[in-house]
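Okay, structure first, notes after.
The values are calculated or read from the model by the stated rules, or taken from the named source; none is laboratory data. On a predicted model such as this, the values are computed, not experimentally measured, just so you know. Every residue, glycine among them, receives a Cβ derived from its backbone with ideal geometry; neighbour counts consider all protein chains shown. Areas reflect the complete protein model, heavy atoms only, side chains present, ligands, DNA and RNA absent. Shrake-Rupley method; radii C 1.70, N 1.55, O 1.52, S 1.80 Å.
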Amino acid sequence: MNEKRAFITGISGQDGSFLAEFLLEKGYKVFGLVRRMSNPSFPLIDHLLDKVTLIDGDMTDSHSIYKALNEAMPHEIYNLAAQSFVGTSWKQPELTANVNGLGVARLLENVRNICPSAKVFQASTSELYGNTTVMPQHECTPFQPRSPYGISKLYAYWMVVNYRESYNMFCCNGITFNHESERRGIEFVTRKITHGVAEIVARKRNKILLGNTQAKRDWGYSKDYVEAFWLMLQQDEPVDYVVATGEQHSVQDFIDEAFKQAGFDKEDVAYHIGIDERYYRPADVNYLLGDPSKIERGLGWKAKTKFSELVKIMVDSDLKLMGVNK
Ligand code: NAP
Ligand code: G4F
(Lines give C-alpha, C1' and ligand atoms only; values in the text may rest on other atoms or scores of the structure.)
(Ligands and ions follow the chains in the order given, each with its own letter.)
Protein backbone atom coordinates (compact mmCIF):
# COMPACT_ATOMS: atom_id res chain seq x y z
CA MET A 1 0.00 0.00 0.00
CA ASN A 2 1.31 3.47 -0.90
CA GLU A 3 -0.69 5.39 1.72
CA LYS A 4 1.52 7.80 3.63
CA ARG A 5 1.32 7.66 7.42
CA ALA A 6 1.81 10.70 9.62
CA PHE A 7 2.19 10.77 13.38
CA ILE A 8 1.31 14.02 15.17
CA THR A 9 2.14 14.69 18.80
CA GLY A 10 -0.01 17.52 20.15
CA ILE A 11 -2.84 16.64 17.74
CA SER A 12 -5.44 17.96 20.21
CA GLY A 13 -3.91 21.47 20.20
CA GLN A 14 -4.31 24.44 17.88
CA ASP A 15 -1.69 23.51 15.27
CA GLY A 16 -2.26 19.76 15.63
CA SER A 17 -5.94 20.11 14.75
CA PHE A 18 -5.24 22.20 11.63
CA LEU A 19 -2.37 19.92 10.58
CA ALA A 20 -4.54 16.79 10.96
CA GLU A 21 -7.20 18.34 8.69
CA PHE A 22 -4.53 19.36 6.18
CA LEU A 23 -2.93 15.88 6.05
CA LEU A 24 -6.28 14.07 5.86
CA GLU A 25 -7.15 16.20 2.84
CA LYS A 26 -3.86 15.13 1.26
CA GLY A 27 -4.83 11.48 1.75
CA TYR A 28 -2.55 10.64 4.69
CA LYS A 29 -3.41 8.11 7.35
CA VAL A 30 -3.11 10.21 10.49
CA PHE A 31 -2.11 8.99 13.96
CA GLY A 32 -2.08 11.28 16.97
CA LEU A 33 -0.62 11.01 20.46
CA VAL A 34 -3.03 12.06 23.22
CA ARG A 35 -2.68 12.26 26.98
CA ARG A 36 -4.91 10.40 29.36
CA MET A 37 -7.58 12.62 30.95
CA SER A 38 -10.09 12.01 33.71
CA ASN A 39 -12.82 13.26 31.40
CA PRO A 40 -11.65 12.68 27.83
CA SER A 41 -12.55 15.61 25.62
CA PHE A 42 -10.93 16.79 22.39
CA PRO A 43 -12.95 19.83 21.32
CA LEU A 44 -10.58 20.90 18.51
CA ILE A 45 -10.56 17.48 16.82
CA ASP A 46 -14.06 16.29 17.68
CA HIS A 47 -14.99 16.49 14.01
CA LEU A 48 -12.01 14.26 13.08
CA LEU A 49 -12.39 11.49 15.62
CA ASP A 50 -13.67 8.94 13.09
CA LYS A 51 -10.88 9.83 10.64
CA VAL A 52 -7.74 9.75 12.79
CA THR A 53 -6.24 7.07 15.03
CA LEU A 54 -5.55 8.37 18.53
CA ILE A 55 -2.90 6.61 20.60
CA ASP A 56 -2.53 7.12 24.35
CA GLY A 57 0.85 8.41 25.40
CA ASP A 58 2.83 11.22 26.93
CA MET A 59 6.04 13.04 26.01
CA THR A 60 7.29 12.39 29.54
CA ASP A 61 6.93 8.61 29.11
CA SER A 62 9.40 6.98 26.75
CA HIS A 63 7.67 3.61 26.66
CA SER A 64 4.39 5.11 25.44
CA ILE A 65 6.27 6.89 22.63
CA TYR A 66 7.91 3.56 21.76
CA LYS A 67 4.53 1.83 21.57
CA ALA A 68 2.94 4.65 19.59
CA LEU A 69 5.69 4.68 16.96
CA ASN A 70 5.51 0.91 16.63
CA GLU A 71 1.77 1.14 16.02
CA ALA A 72 1.92 4.05 13.58
CA MET A 73 5.16 3.20 11.76
CA PRO A 74 5.03 6.69 10.29
CA HIS A 75 6.74 8.16 7.27
CA GLU A 76 6.40 11.64 8.75
CA ILE A 77 6.42 12.78 12.37
CA TYR A 78 5.28 16.23 13.51
CA ASN A 79 6.32 16.95 17.09
CA LEU A 80 3.89 19.65 18.18
CA ALA A 81 3.34 18.49 21.77
CA ALA A 82 4.52 20.95 24.37
CA GLN A 83 3.77 22.82 27.53
CA SER A 84 3.37 25.77 25.18
CA PHE A 85 2.46 28.65 27.49
CA VAL A 86 5.45 30.84 28.36
CA GLY A 87 3.72 32.21 31.49
CA THR A 88 3.28 28.72 32.95
CA SER A 89 6.92 27.87 32.24
CA TRP A 90 7.88 30.27 35.06
CA LYS A 91 5.55 28.43 37.43
CA GLN A 92 6.42 24.91 36.24
CA PRO A 93 9.96 25.09 34.83
CA GLU A 94 10.74 21.45 35.57
CA LEU A 95 7.62 20.10 33.84
CA THR A 96 8.29 22.41 30.90
CA ALA A 97 11.83 21.10 30.52
CA ASN A 98 10.65 17.52 30.81
CA VAL A 99 7.93 17.78 28.15
CA ASN A 100 9.53 20.25 25.71
CA GLY A 101 13.18 19.36 26.13
CA LEU A 102 13.60 15.76 27.31
CA GLY A 103 10.43 14.84 25.41
CA VAL A 104 12.32 15.52 22.19
CA ALA A 105 15.26 13.37 23.33
CA ARG A 106 12.80 10.53 24.02
CA LEU A 107 11.14 10.97 20.65
CA LEU A 108 14.37 11.12 18.64
CA GLU A 109 15.88 8.09 20.39
CA ASN A 110 12.75 6.06 19.68
CA VAL A 111 12.63 7.23 16.06
CA ARG A 112 16.30 6.26 15.67
CA ASN A 113 15.56 2.74 16.91
CA ILE A 114 12.12 2.10 15.42
CA CYS A 115 11.71 4.10 12.20
CA PRO A 116 15.03 5.82 11.43
CA SER A 117 14.02 6.82 7.92
CA ALA A 118 10.94 8.73 9.11
CA LYS A 119 11.12 12.50 8.57
CA VAL A 120 10.72 14.56 11.75
CA PHE A 121 9.44 18.13 12.10
CA GLN A 122 10.15 19.85 15.42
CA ALA A 123 7.96 22.80 16.44
CA SER A 124 10.70 25.18 17.46
CA THR A 125 10.04 28.79 18.35
CA SER A 126 10.97 32.44 18.05
CA GLU A 127 11.27 32.37 21.85
CA LEU A 128 14.79 31.05 21.18
CA TYR A 129 15.73 34.63 20.21
CA GLY A 130 14.36 36.00 23.49
CA ASN A 131 16.21 39.13 24.48
CA THR A 132 17.92 39.67 21.15
CA THR A 133 18.59 43.13 19.74
CA VAL A 134 18.90 41.83 16.17
CA MET A 135 15.89 42.88 14.06
CA PRO A 136 14.49 41.02 12.20
CA GLN A 137 15.55 37.58 13.41
CA HIS A 138 16.67 35.00 10.87
CA GLU A 139 18.10 31.45 10.94
CA CYS A 140 21.60 32.66 11.92
CA THR A 141 20.58 35.15 14.62
CA PRO A 142 22.20 34.11 17.94
CA PHE A 143 19.78 32.63 20.46
CA GLN A 144 19.17 34.38 23.76
CA PRO A 145 16.17 32.66 25.40
CA ARG A 146 14.46 34.56 28.19
CA SER A 147 12.14 32.02 29.84
CA PRO A 148 12.17 28.41 31.02
CA TYR A 149 10.02 27.72 27.95
CA GLY A 150 12.60 29.25 25.60
CA ILE A 151 15.41 27.30 27.29
CA SER A 152 13.50 24.00 27.03
CA LYS A 153 12.98 24.61 23.31
CA LEU A 154 16.65 25.51 22.87
CA TYR A 155 17.67 22.07 24.14
CA ALA A 156 15.17 20.51 21.72
CA TYR A 157 16.49 22.61 18.84
CA TRP A 158 20.06 21.42 19.38
CA MET A 159 19.00 17.79 19.85
CA VAL A 160 17.37 17.94 16.41
CA VAL A 161 20.49 19.47 14.84
CA ASN A 162 22.77 16.93 16.55
CA TYR A 163 20.68 13.88 15.64
CA ARG A 164 20.60 15.12 12.06
CA GLU A 165 24.36 15.58 11.90
CA SER A 166 25.39 12.57 13.98
CA TYR A 167 22.95 9.89 12.80
CA ASN A 168 22.09 11.26 9.38
CA MET A 169 18.41 11.41 10.36
CA PHE A 170 15.92 13.62 8.51
CA CYS A 171 14.90 16.00 11.28
CA CYS A 172 14.40 19.74 11.11
CA ASN A 173 13.31 22.73 13.17
CA GLY A 174 10.58 25.14 12.14
CA ILE A 175 11.59 28.27 14.05
CA THR A 176 8.05 29.41 14.22
CA PHE A 177 6.92 32.90 15.21
CA ASN A 178 3.59 33.45 16.99
CA HIS A 179 0.63 32.06 15.11
CA GLU A 180 -2.93 32.33 16.27
CA SER A 181 -6.44 31.35 15.23
CA GLU A 182 -10.01 30.91 16.40
CA ARG A 183 -8.68 27.69 18.01
CA ARG A 184 -6.00 29.45 20.08
CA GLY A 185 -6.00 28.63 23.81
CA ILE A 186 -7.88 31.23 25.85
CA GLU A 187 -4.87 32.19 28.01
CA PHE A 188 -2.74 33.49 25.08
CA VAL A 189 -3.00 37.23 24.68
CA THR A 190 -4.66 37.33 21.23
CA ARG A 191 -7.48 34.97 22.10
CA LYS A 192 -7.84 36.53 25.54
CA ILE A 193 -8.47 39.84 23.78
CA THR A 194 -10.88 38.57 21.08
CA HIS A 195 -12.81 36.46 23.58
CA GLY A 196 -12.90 39.41 25.99
CA VAL A 197 -14.17 41.75 23.25
CA ALA A 198 -16.96 39.29 22.45
CA GLU A 199 -17.90 39.12 26.14
CA ILE A 200 -18.01 42.92 26.30
CA VAL A 201 -20.32 43.00 23.24
CA ALA A 202 -22.48 40.36 24.96
CA ARG A 203 -22.51 42.56 28.11
CA LYS A 204 -20.98 39.80 30.20
CA ARG A 205 -18.13 42.03 31.34
CA ASN A 206 -16.72 45.54 31.00
CA LYS A 207 -12.97 45.17 31.05
CA ILE A 208 -10.15 42.94 29.84
CA LEU A 209 -7.22 42.79 32.30
CA LEU A 210 -3.79 42.45 30.68
CA GLY A 211 -0.06 42.72 31.42
CA ASN A 212 2.58 44.19 29.10
CA THR A 213 0.65 45.75 26.21
CA GLN A 214 3.81 47.27 24.67
CA ALA A 215 5.28 43.85 23.72
CA LYS A 216 5.53 43.34 19.96
CA ARG A 217 5.07 40.11 18.05
CA ASP A 218 5.07 38.77 14.49
CA TRP A 219 1.58 37.23 14.39
CA GLY A 220 0.46 34.86 11.63
CA TYR A 221 -2.44 32.43 11.11
CA SER A 222 -1.96 28.85 12.31
CA LYS A 223 -3.77 27.39 9.30
CA ASP A 224 -1.16 28.95 6.97
CA TYR A 225 1.74 27.75 9.12
CA VAL A 226 0.90 24.02 9.14
CA GLU A 227 1.42 24.00 5.38
CA ALA A 228 4.99 25.23 5.97
CA PHE A 229 5.55 22.35 8.46
CA TRP A 230 4.42 19.86 5.81
CA LEU A 231 6.49 21.46 3.06
CA MET A 232 9.62 21.14 5.19
CA LEU A 233 9.14 17.35 5.25
CA GLN A 234 8.54 17.08 1.48
CA GLN A 235 12.12 18.12 0.68
CA ASP A 236 15.05 15.85 -0.11
CA GLU A 237 17.23 17.44 2.59
CA PRO A 238 16.31 18.48 6.15
CA VAL A 239 16.71 22.24 6.58
CA ASP A 240 15.73 24.53 9.48
CA TYR A 241 13.54 27.50 8.58
CA VAL A 242 12.12 30.60 10.23
CA VAL A 243 8.33 30.58 9.72
CA ALA A 244 6.98 34.13 10.07
CA THR A 245 5.06 36.93 8.36
CA GLY A 246 7.81 39.59 8.49
CA GLU A 247 5.34 42.09 10.04
CA GLN A 248 5.33 43.26 13.63
CA HIS A 249 2.51 44.61 15.81
CA SER A 250 2.18 45.44 19.49
CA VAL A 251 -0.34 43.93 21.88
CA GLN A 252 -1.91 47.42 21.91
CA ASP A 253 -2.27 47.27 18.09
CA PHE A 254 -4.03 43.92 18.49
CA ILE A 255 -6.39 45.41 21.11
CA ASP A 256 -7.22 48.39 18.85
CA GLU A 257 -7.83 46.19 15.81
CA ALA A 258 -10.02 43.73 17.75
CA PHE A 259 -12.27 46.47 19.14
CA LYS A 260 -12.42 48.10 15.68
CA GLN A 261 -13.47 44.79 14.09
CA ALA A 262 -16.25 44.51 16.70
CA GLY A 263 -17.54 47.97 15.76
CA PHE A 264 -16.20 50.07 18.70
CA ASP A 265 -14.98 53.68 18.31
CA LYS A 266 -11.26 54.17 18.95
CA GLU A 267 -11.86 56.58 21.85
CA ASP A 268 -13.92 53.97 23.73
CA VAL A 269 -11.21 51.27 23.76
CA ALA A 270 -9.13 52.52 26.74
CA TYR A 271 -12.15 52.28 29.06
CA HIS A 272 -12.37 48.54 28.42
CA ILE A 273 -8.69 47.75 29.13
CA GLY A 274 -7.15 47.40 32.60
CA ILE A 275 -3.57 46.62 33.52
CA ASP A 276 -3.11 43.92 36.14
CA GLU A 277 0.35 43.05 37.42
CA ARG A 278 -0.64 39.38 37.71
CA TYR A 279 -0.19 39.17 33.96
CA TYR A 280 3.37 40.50 33.94
CA ARG A 281 6.10 37.87 33.68
CA PRO A 282 9.34 37.77 35.68
CA ALA A 283 11.02 38.60 32.36
CA ASP A 284 9.35 39.28 29.05
CA VAL A 285 10.39 39.12 25.42
CA ASN A 286 9.63 42.61 24.20
CA TYR A 287 10.20 42.45 20.45
CA LEU A 288 10.02 39.59 17.98
CA LEU A 289 10.04 40.00 14.22
CA GLY A 290 10.88 37.17 11.84
CA ASP A 291 12.67 37.34 8.52
CA PRO A 292 10.89 34.77 6.32
CA SER A 293 13.07 35.28 3.24
CA LYS A 294 14.80 31.87 3.47
CA ILE A 295 11.52 29.89 3.50
CA GLU A 296 10.10 32.09 0.74
CA ARG A 297 13.15 31.35 -1.42
CA GLY A 298 13.61 27.69 -0.43
CA LEU A 299 10.03 26.40 -0.28
CA GLY A 300 8.00 29.13 -1.98
CA TRP A 301 6.00 29.49 1.26
CA LYS A 302 4.61 32.88 2.26
CA ALA A 303 2.12 33.74 5.04
CA LYS A 304 -1.20 34.41 3.30
CA THR A 305 -3.31 35.90 6.08
CA LYS A 306 -2.68 39.55 6.95
CA PHE A 307 -2.83 40.91 10.50
CA SER A 308 -6.26 42.58 10.16
CA GLU A 309 -7.73 39.44 8.53
CA LEU A 310 -6.39 37.30 11.37
CA VAL A 311 -7.94 39.57 14.00
CA LYS A 312 -11.23 39.56 12.08
CA ILE A 313 -11.31 35.74 11.89
CA MET A 314 -10.79 35.53 15.66
CA VAL A 315 -13.23 38.30 16.62
CA ASP A 316 -15.96 36.95 14.31
CA SER A 317 -15.51 33.43 15.68
CA ASP A 318 -15.70 34.59 19.32
CA LEU A 319 -18.76 36.76 18.63
CA LYS A 320 -20.40 33.72 17.06
CA LEU A 321 -19.47 31.53 20.02
CA MET A 322 -21.01 34.13 22.32
CA GLY A 323 -24.13 34.24 20.15
CA VAL A 324 -23.88 37.99 19.47
CA ASN A 325 -23.54 40.19 16.38
CA LYS A 326 -21.36 43.26 15.85
P1 NAP B 1 -1.17 24.03 22.03
O2 NAP B 1 -2.47 24.42 21.41
O3 NAP B 1 -0.89 24.41 23.44
O4 NAP B 1 -1.04 22.44 21.88
C5 NAP B 1 -0.07 21.72 22.59
C6 NAP B 1 -0.37 20.24 22.45
O7 NAP B 1 0.61 19.51 23.19
C8 NAP B 1 -1.75 19.81 23.00
O9 NAP B 1 -2.28 18.85 22.13
C10 NAP B 1 -1.38 19.17 24.32
O11 NAP B 1 -2.29 18.18 24.75
C12 NAP B 1 -0.06 18.51 23.96
N13 NAP B 1 0.75 18.16 25.13
C14 NAP B 1 1.09 18.96 26.16
N15 NAP B 1 1.83 18.27 27.05
C16 NAP B 1 1.94 16.99 26.57
C17 NAP B 1 2.57 15.82 27.04
N18 NAP B 1 3.23 15.79 28.20
N19 NAP B 1 2.49 14.71 26.29
C20 NAP B 1 1.80 14.69 25.12
N21 NAP B 1 1.17 15.79 24.63
C22 NAP B 1 1.25 16.93 25.35
O23 NAP B 1 0.06 24.59 21.17
P24 NAP B 1 0.11 25.09 19.64
O25 NAP B 1 -0.10 26.55 19.63
O26 NAP B 1 -0.71 24.20 18.81
O27 NAP B 1 1.66 24.87 19.34
C28 NAP B 1 2.12 23.66 18.78
C29 NAP B 1 3.62 23.56 19.00
O30 NAP B 1 4.27 24.68 18.39
C31 NAP B 1 4.08 23.60 20.45
O32 NAP B 1 5.20 22.76 20.57
C33 NAP B 1 4.49 25.04 20.69
O34 NAP B 1 5.45 25.12 21.72
C35 NAP B 1 5.07 25.37 19.33
N36 NAP B 1 5.01 26.78 18.94
C37 NAP B 1 3.80 27.40 18.90
C38 NAP B 1 3.73 28.72 18.48
C39 NAP B 1 2.42 29.45 18.41
O40 NAP B 1 2.46 30.68 18.31
N41 NAP B 1 1.29 28.77 18.42
C42 NAP B 1 4.91 29.38 18.10
C43 NAP B 1 6.13 28.70 18.16
C44 NAP B 1 6.15 27.38 18.57
P45 NAP B 1 -3.57 18.54 25.68
O46 NAP B 1 -4.66 18.87 24.72
O47 NAP B 1 -3.78 17.26 26.42
O48 NAP B 1 -3.18 19.69 26.56
O1 G4F C 1 0.22 35.35 23.77
P2 G4F C 1 1.41 35.16 24.63
O3 G4F C 1 1.22 34.44 25.90
O4 G4F C 1 2.49 34.45 23.70
P5 G4F C 1 4.09 34.33 23.78
O6 G4F C 1 4.58 34.49 25.16
O7 G4F C 1 4.66 35.22 22.73
O8 G4F C 1 4.30 32.80 23.38
C9 G4F C 1 3.65 32.24 22.23
O10 G4F C 1 4.48 32.44 21.10
C11 G4F C 1 5.75 31.76 21.15
C12 G4F C 1 6.48 32.10 19.86
O13 G4F C 1 7.15 33.33 20.00
C14 G4F C 1 5.49 30.28 21.26
F15 G4F C 1 6.68 29.60 21.24
C16 G4F C 1 4.72 29.98 22.54
O17 G4F C 1 4.43 28.59 22.59
C18 G4F C 1 3.41 30.76 22.50
O19 G4F C 1 2.62 30.23 21.47
O20 G4F C 1 2.07 36.57 24.96
C21 G4F C 1 2.43 37.49 23.99
C22 G4F C 1 2.84 38.82 24.67
C23 G4F C 1 3.85 38.65 25.80
O24 G4F C 1 4.82 39.66 25.71
C25 G4F C 1 3.01 38.86 27.05
O26 G4F C 1 3.74 39.37 28.16
O27 G4F C 1 1.68 39.40 25.24
C28 G4F C 1 2.03 39.87 26.53
N29 G4F C 1 0.80 39.96 27.35
C30 G4F C 1 0.29 41.11 27.86
N31 G4F C 1 -0.79 40.83 28.61
C32 G4F C 1 0.04 38.94 27.76
C33 G4F C 1 -0.96 39.49 28.55
N34 G4F C 1 0.12 37.61 27.51
C35 G4F C 1 -0.84 36.82 28.04
N36 G4F C 1 -0.79 35.49 27.76
N37 G4F C 1 -1.83 37.30 28.85
C38 G4F C 1 -1.94 38.64 29.15
O39 G4F C 1 -2.83 39.05 29.87
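Summary of values
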quantity	calculated
Cα-derived Rg to Rh of segment 189-326, Kirkwood definition	1.04
Simple label model, 7 Å out from Cα along Cβ direction - residue 131 to residue 4, nm	4.2
With eigenvalues of the C-alpha gyration tensor scaled by 5 and rooted, segment 165-224, Å	35, 13, 9
Length released on extending from residue 308 to residue 63, taking residue separation times 0.36 nm less the Cα-Cα span	83.7 nm
Positive minus negative residues near residue 98 (Lys, Arg vs Asp, Glu; Cβ under 11 Å)	-2
3J(HN,Hα) from dihedral phi, segment 183-199, Karplus parametrisation 6.51/-1.76/1.60, rounded to Hz, x for glycine, proline	9, 5, x, 5, 7, 6, 4, 5, 5, 4, 5, 5, 5, x, 4, 5, 5
The chain: angle of helix 148-167 to the longest principal axis, Cα-based, in degrees nearest 10	30
Under 14 Å between alpha carbons - lysine pairs in segment 234-326 that sit 8 or more apart or on different chains	5
Taking all pairs of distinct alpha-carbon atoms in the chain, Kirkwood radius in angstrom	20.3
Cα long-axis angle, helix 222-233 against the chain (0 to 90 degrees, to the nearest 10)	20
Rounded to whole Å, sorted largest first: equivalent-ellipsoid semi-axes of segment 50-125, Cα gyration tensor	23, 13, 12
Accessible heavy-atom area order of 169, 322, highest first, probe of 1.4 Å	322, 169
Isotropic mean projected area of the C-alpha convex hull, segment 1-99 (nm²)	6.9
Summed side-chain charge close to residue 209 - residues other than residue 209 whose Cβ falls under 13 Å, Lys, Arg +1, Asp, Glu -1	0
Net charge over other residues, Cβ less than 11 angstrom from the Cβ of residue 242 (K, R count +1; D, E count -1)	-4
Isotropic mean projected area of the C-alpha convex hull, segment 196-235 (nm²)	4.7
Hits among aspartates and glutamates - C-alpha to C-alpha of residue 29 under 13 Å, sequence gap 8 or more where chains match	3, 21, 50, 71, 76
